[in-house]
Amino acid sequence: MWRKTKIEPIATMQISRSEKWNRTYRQNIIRKRRKELLIKSLITTIILLFGINSVLELFNQISLIEKDLFQNVIIHQSSAKHTLNSSLEGVQGTLREVTAYNVGDINQNFGNPCVSANGENICEAVKHYKRCAANFVDFGTILHIENYGECMVTDRMNSRYKNRVDIAMRLDEYQRAVNFGLQVLEVKIIK
């Protein structure tokens, strides 16, 4: 006697609606930030080449650029008083994922939680200086992270995080690290 059995399809990994929304939301934020950086760099280049007055005339005729973003760039340019040579010497930032971790926490670190990958006692160093972990630059490189400031790379992350920066925070700043979460910020390599 043969009995007909219903064949169940192999379970496939399905992404929930909230996961799709989160992914789409993050992608939209990255696209928006890239667009803003592109517009800022275009405006800066035009100001340097043609001067502010001709750019204002162009802006009055063509309203392709968002007015508040344009005004912020003009204010920044006039207050910074960059010359053409000095502005071209700077390094352009890149949008990267930035997270935070607590040094000294054995659940967040591999091996000895107070010794960074370059051998520094990071638990002591983080009390006086800003430190971070990154895999895309050498030890000792200074990074400028938007809304955070400058930090020195003294640690490494898991090899799967090739373009991410992880900010080192003290052990007593656990809630601050949790609140920091995962952010997409502009990161510049200073030296």
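Structure values in brief
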{"item": "Kirkwood hydrodynamic radius of the range 99-191, Cα pairs, Å", "result": "13.0 Å"}
{"item": "Segments 143-149, 30-36 sorted - mean Cβ within 10 Å per residue, highest first", "result": "143-149, 30-36"}
{"item": "18 Å reach of a label modelled at Ser159, 7 Å along Cα-to-Cβ, counting backbone N of the range 102-133", "result": "110-111, 117-118"}
{"item": "Positive minus negative residues near His144 (Lys, Arg vs Asp, Glu; Cβ under 13 Å)", "result": "+1"}
{"item": "Restraint check, Lys32/Lys130; Lys35/Lys191; Lys130/Lys188; Lys127/Lys162; Lys40/Lys162; Lys40/Lys130, Cα-Cα greater than 23 Å", "result": "Lys32/Lys130; Lys35/Lys191; Lys127/Lys162; Lys40/Lys162; Lys40/Lys130"}
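Each reported figure results from applying straightforward, stated rules to the coordinates on display, with no laboratory input. Not measured: the values here are computed from a predicted model. So basically every Cβ, Gly included, is an ideal-geometry build from the backbone, and we count neighbours across all protein chains shown.
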